[in-house]
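Peer 1: Supplied in structure tokens, the structure appears directly below.
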Amino acid sequence: MRENRFLEFKENIHSNTFLKTISAFANYEGGKIIFGISDDGTVTGITHPEDACLDLENKINGSIKPVPEYSLEIQKDLTIILAVHEGKYKPYLYKGKAYKRSDTATIEVERLEYNRLILEGQNMSFEELKSSKQDLMFSVLEKDFIRIMGIHSLNKDILKTLELYSDQQGFNNAAALMADENQFP
């Protein structure tokens with residue numbers, strides 16, 4: 001067994017670097033950190049694993065915001081498995097920063113990725129955000145709908161059904177992408 005994107009080894013609980021990895025696991029696909037194993041895979045165990053679990057809980061609950069869903073399990077060889085589940089309320093931050101895994105390394109996410117995590121945490125995508133341009137025209141889309149679907153004209157009700165328009169926010173970015181002219185490359 002070796003470290004990978006979903007698995008990290010820590011020889012002890014003294015260093016707080018594992019908190020970045022918890023942020024990464026909670027922000028993405030989850031993963032496990034096994035305490036009491038050196039980087040080369042040698043099992044060293046943890047002395048007083050019950051106390052160590054309490055320390056881990058306190059560090060996680062006091063350092064990661066929001067607190068992710070996780071579990072701790074003491075093994076017979078005195079290692080501790082910390083399983084972190086992918087969270088719903090992204091981004092999960094450690095010291096105000098969000099992290100991700102890059103193979104066996106944990107790195108800070110860039111601004112664009114951070115914004116994507118915020119949208120995901122709000123259960124939204126870029127396409128659902130309100131378009132900055134609201135005077136959109138859909139003549140190409142309308143011609144295709146008339147030809148293929150047999151409608152008379154493309155109206156607001158059809159745009160609502162397609163989830164391109166809502167009365168609350170107007171056109172969204174998906175609508176802007178479908179419009180005759182848009183600012184997207």
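The values are calculated or read from the model by the stated rules, or taken from the named source; none is laboratory data. Quick caveat: nothing in here was measured; it's all calculated off a predicted structure. Cβ: placed from backbone, ideal geometry, glycine included. Neighbour counts: every protein chain shown. Surface areas here come from the heavy atoms of the whole protein model, side chains and all, with no ligands, DNA or RNA. Shrake-Rupley method; radii C 1.70, N 1.55, O 1.52, S 1.80 Å.
Peer 1: Would you tally the residues in segment 129-143 being part of a helix (DSSP H, G or I) and open to solvent by 60 Å² or more (accessible area, probe 1.4 Å)?
Peer 2: Looking only at that region, the number is 2.
Peer 1: Being closer than 19 Å to PHE6 by Cβ and touching a residue at least 12 places away in the same chain (Cβ under 8 Å): is that true of TYR114 here?
Peer 2: no
Peer 1: Somewhere in segment 15-27, is a residue open to solvent by 80 Å² or more (accessible area, probe 1.4 Å) and either of a type in the set (A, V, I, L, M) or within 30 Å of TYR114 (Cβ to Cβ) (or both)?
Peer 2: So far as segment 15-27 goes, no, none of its residues is open to solvent by 80 Å² or more (accessible area, probe 1.4 Å) and either of a type in the set (A, V, I, L, M) or within 30 Å of TYR114 (Cβ to Cβ) (or both).
Peer 1: Please count how many residues of segment 1-57 are without any contact (Cβ under 8 Å) to a residue 40 or more places away in the chain, over 25 Å from LYS97 (Cβ atoms) and aliphatic (A, V, I, L, M).
Peer 2: Looking only at that region, the number is 4.
Peer 1: Could I ask something else about it? For segment 79-113, which positions are surrounded by 16 or more Cβ atoms within 10 Å (Cβ to Cβ), in a loop (DSSP other than H, G, I, E, B) and within 15 Å of the chain's Cα centre (by Cα)?
Peer 2: GLY87, LYS90, PRO91, TYR92, VAL109
Peer 1: Can you run down the residue pairs with Cβ atoms below 6 Å, 6 or more apart or on separate chains, where the first is in segment 170-184 and aromatic (Phe, Trp, Tyr) and the partner is crowded, with 18+ Cβ neighbours inside 10 Å?
Peer 2: Filtered contacts from segment 170-184: PHE171/SER131; PHE171/LEU136; PHE171/TYR165.
Peer 1: Can you pull out the residues in segment 152-185 that are in a loop (DSSP other than H, G, I, E, B) and either of a type in the set (Asp, Glu) or open to solvent by less than 40 Å² (accessible area, probe 1.4 Å) (or both)?
Peer 2: LEU154, GLU163, LEU164, ASP167, ALA179, ASP180, GLU181, listed by residue number.
Peer 1: I'm trying to understand the selection: among the residues of segment 29-74, which are within 30 Å of GLU120 (Cα to Cα), open to solvent by less than 40 Å² (accessible area, probe 1.4 Å) and assigned to a loop (DSSP other than H, G, I, E, B)?
Peer 2: Scanning segment 29-74 gives GLY30, PRO68.
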